[in-house]
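These notes are about the structure you will find just below.
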Amino acid sequence: MRVVVLGGLGAWPSAEQACAGFLVEHQGFRLLIDPGYATLQPLLTRVAASAVDAVYVSHGHPDHCADLQPLLRARVLPDRSAPALPVYAPTGSLGPLLAIDEPGLIDTAYRLHEFTPGDGFDVGPFTVRTWSLPHWVPNAGVRFAAGGTVLAYTGDTGPSPELVELARDADLLIAEATYVDEIPDRHVGFLSSAAEVGRYATAARTRAVLLTHLWPGTDSDAAVAAARRAYGGPVGVARSGLVVDLPS
């Protein structure tokens, strides 16, 4: 299983990096996770729009899904007979985004599979299990299992005992770490810190951690150091262009 980082920022992209988004490849199947702001261009440097096999969206905030709309345009406008792209997302989360275009323009470009966080299903070669995690809108943390390898991803979340189960023995945990250590009062309960990620990654015996969704301007070295206070395994930061090959 190969994980390609398209971006690693939360809230808005910078001049150098997109918001958090990931391309996961396994057995020739290409799964796009959270196509947020500015993720389409780095995606297209690796694969054609038509080569994406499915999309998973953790929740409906635009820094996690906004670039789905131009991806659908890039698939259907050059070829009206192109197959519909399967899109998996929590029920109701993509309604506003999919309604912004002129009526009918992208309707044939996608096939929406809505689910309730907590559901399980299959996507291509991946066995998918989801968890409802605390955020301002419904957010589905997820485990993707294939060929004996497990990738876990939190989406955006505040503290939850479910995080340990989600990350249990995962080969890689991609974890939201908007803040290094202290979380502002207005975000307590709805976002996480790198220090918190370190604690639950240790409890879950996760084999490696990739911090994502860092607030633009955050010191990434400080975030890594905060996670390592509680976690002794490999810790990295999601940056555009990073490629992680996971053992099978």
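The values are calculated or read from the model by the stated rules, or taken from the named source; none is laboratory data. All of these numbers come straight from a predicted model, not from anything done at the bench. Heads up, the Cβs are rebuilt from the backbone with ideal geometry, glycines too, and the neighbour counts pull from every protein chain shown. Each accessible area value is taken on the protein alone, full model and side chains, heavy atoms only, with ligands, DNA and RNA left out. Shrake-Rupley method; radii C 1.70, N 1.55, O 1.52, S 1.80 Å.
Structure notes:
- Checked against (1) open to solvent by 50 Å² or more (accessible area, probe 1.4 Å); (2) more than 29 Å from residue 192 (Cα to Cα); (3) outside any loop (DSSP other than H, G, I, E, B), residue 103 passes all but condition (3).
- Single unsatisfied condition, residue 87 versus (1) more than 18 Å from residue 174 (Cα to Cα); (2) surrounded by fewer than 20 Cβ atoms within 10 Å (Cβ to Cβ): (2)
- Looking only at the range 24-38, and only at residues there that are on the phi > 0 side of the Ramachandran plot and in contact with a Cys (Cβ under 8 Å, 6 or more places away or on another chain), the one that is surrounded by the fewest Cβ atoms within 10 Å (Cβ to Cβ): 38
- Pairs with Cβ under 7 Å, 6+ apart, first in the range 24-37 and without any contact (Cβ under 8 Å) to a residue 40 or more places away in the chain and within 12 Å of residue 71 (Cα to Cα), second open to solvent by 10 Å² or more (accessible area, probe 1.4 Å) and of a type in the set (A, V, I, L, M): 36/66; 37/66
- Of all residues in the range 237-248, those being in contact with a helix residue (DSSP H, G or I) (Cβ under 6 Å, 6 or more places away or on another chain) and either open to solvent by 20 Å² or more (accessible area, probe 1.4 Å) or among the basic types (Lys, Arg) (or both) number 1.
- Of the residues in the range 121-138, at least one is touching a Pro at 6+ places or on another chain (Cβ under 7 Å), in contact (Cβ under 8 Å) with a residue 60 or more places away in the chain, closer than 19 Å to residue 176 by Cβ and open to solvent by 50 Å² or more (accessible area, probe 1.4 Å).
- Top-ranked residue of the range 1-23 - restricted to ones that are more than 14 Å from residue 64 (Cβ to Cβ) and in contact with a strand residue (DSSP E or B) (Cβ under 8 Å, 6 or more places away or on another chain), ranked as surrounded by the fewest Cβ atoms within 10 Å (Cβ to Cβ): 2
- Within the range 62-83, considering residues that are touching a Phe, Trp or Tyr at 6+ places or on another chain (Cβ under 7 Å) and farther than 12 Å from residue 49 by Cα, the one most open to solvent (accessible area, probe 1.4 Å): 62
- Filtered residue count, the range 90-100, keeping only those that are assigned to a loop (DSSP other than H, G, I, E, B) and either under 11 Å from residue 73 (Cα atoms) or open to solvent by 60 Å² or more (accessible area, probe 1.4 Å) (or both): 3
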